[in-house]
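The values are calculated or read from the model by the stated rules, or taken from the named source; none is laboratory data. For clarity, every value in this text was computed on a predicted model and none was experimentally measured. Note that each Cβ is placed from the backbone with ideal geometry, even for glycine, and that neighbours are counted across all protein chains shown.
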């Protein structure tokens, strides 16, 4: 790693160690959301669809059950920005009327051919736009702003018969590893309310893992789907760029790289639901992923790394997560996969490569612009002082993001160019190696950290890597949630472009081994 990066990273490690007792005290009370009592809320998306189709379950009943659960858990997790419960129930009743008519006319199968999610409720990350609901994306200056249209992926899910319930919380403009902002406040992890639900799709992940939503539409530019999914024991998939429409997403950058880094994707509780959800969200582009083609695991090559770098500039990956990566790799070997011991040494500079590429975008939002006068830029230190005193227009992490964006970790222009060049070489190498294979990595350096523990933000490097490499990746729970105080543990599955089905096939196999999602209890 570059010298200054190492020094900054080392200082953060020292600070993290010094603050460890404080964060331990904050998390020693292991409060969770109320246990999930309604068995219907454990059903997969596929099971909900089948029961609605058969008439065993009505859309109104399952929608009402999810609304009741949202109302029960949201006072604990603070994930909802704005709901549309009344409209959702009206839509569900209309679905039931139409399905009853289709049954009488013997056309029930036809109804689901064109609408494969007919009558299924779902939730939406606020940044992905849901018509008529809040679209402030955590920014005070946008308070009261409503979405005029549905985002591209949301429109596809609604066209498939899905019924949106609400929009969920994000950091300001999704620029944060923890879901908190000065408007809605902080979203909490349902397994331990003193811990983070991750960012920037933390509102979605907290609801889904609480049993308050069967799946969600979310977005990922540096791990914003996978990090919250990992912290909350869920499956989150970042697809190959360009597959799922990102139209309507807030923020929207003009830089050409933005559409390569940002993807919209699903968060779900069951790995088996991911192909269906990808197929719906992608629309006509889904055919590029060949999701219906079976995957023969005996022909899949598995690479694995328990950490990307041993540099003292990054906090070490938790031993438990390292062990889970090894355990998953060995299990896949026993399932017939070819296990490779080759390691990608280019990852040793993963932080510098990721930062150099990500912050090379030209129009990253300036979080210091005055919300009352966008032509005026506030002083960083003055704004930090306001935040320290309980005021200010931005959260702490928004200011930290600004520091990272402006300093680019103090890398020189020549160093950034060199790291971007090395990243291109690594991308080409991985595209070849993973053409029929996957790479297992930790999803983060740790399980869900205490709220506000920003010294561990470097853990997002493990997810950012897939964005700057333009590769698909799936976060998958790798151990059933243990008793408190621990939160779920997860790993990350990466493959080559358009090989999303390999990520998902491996996630489905690992679900058999590790058990997948389990609600807080």
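Tabulated data for the structure shown
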{"quantity": "Residue count, the stretch 123-154 (criterion: without any contact (Cβ under 8 Å) to a residue 12 or more places away in the chain and not in a loop (DSSP other than H, G, I, E, B))", "calculated": "1"}
{"quantity": "Qualifying residue in the stretch 500-518 (condition: at pLDDT 95 or above, crowded, with 24+ Cβ neighbours inside 10 Å and under 14 Å from the mean Cα position of the chain (by Cα))", "calculated": "no"}
{"quantity": "Evaluation of residue 429 against (1) modelled with pLDDT under 95; (2) loosely packed, with under 15 Cβ neighbours inside 10 Å (one fails), failing number", "calculated": "(1)"}
{"quantity": "Pair list, Cβ < 9 Å and 6+ apart or interchain, from the stretch 330-343 residues that are on the phi > 0 side of the Ramachandran plot and free of Cβ contacts under 8 Å to residues at least 40 places away in the same chain to residues that are surrounded by fewer than 14 Cβ atoms within 10 Å (Cβ to Cβ) and assigned to a loop (DSSP other than H, G, I, E, B)", "calculated": "336/296"}
{"quantity": "Members of the stretch 20-46 found to be farther than 30 Å from residue 64 by Cβ and touching a strand residue (DSSP E or B) at 6+ places or on another chain (Cβ under 9 Å), listed by number", "calculated": "22, 23, 24, 26, 27, 28, 29, 30"}
{"quantity": "Per-region count, the stretch 346-397, residues closer than 30 Å to residue 426 by Cβ and outside any loop (DSSP other than H, G, I, E, B)", "calculated": "14"}
{"quantity": "Selected residue [surrounded by fewer than 24 Cβ atoms within 10 Å (Cβ to Cβ), at pLDDT below 95 and more than 19 Å from the chain's Cα centre (by Cα)] from 114, 149", "calculated": "114"}
{"quantity": "Of the criteria (1) over 19 Å from the mean Cα position of the chain (by Cα); (2) surrounded by fewer than 24 Cβ atoms within 10 Å (Cβ to Cβ); (3) not in a helix (DSSP H, G or I), which one residue 438 fails", "calculated": "(2)"}
{"quantity": "Selection from the stretch 409-435 of residues that are assigned to a loop (DSSP other than H, G, I, E, B) and within 25 Å of the chain's Cα centre (by Cα)", "calculated": "434, 435"}
{"quantity": "Residue match in the stretch 456-464 (condition: at pLDDT below 90, within 20 Å of residue 303 (Cβ to Cβ), in contact with a strand residue (DSSP E or B) (Cβ under 6 Å, 6 or more places away or on another chain) and buried (at least 22 other Cβ atoms within 10 Å of the Cβ))", "calculated": "no"}
{"quantity": "Among the candidates 241, 245, 251, 228, residue that is touching a strand residue (DSSP E or B) at 6+ places or on another chain (Cβ under 8 Å), closer than 25 Å to residue 461 by Cβ and part of a loop (DSSP other than H, G, I, E, B)", "calculated": "241"}
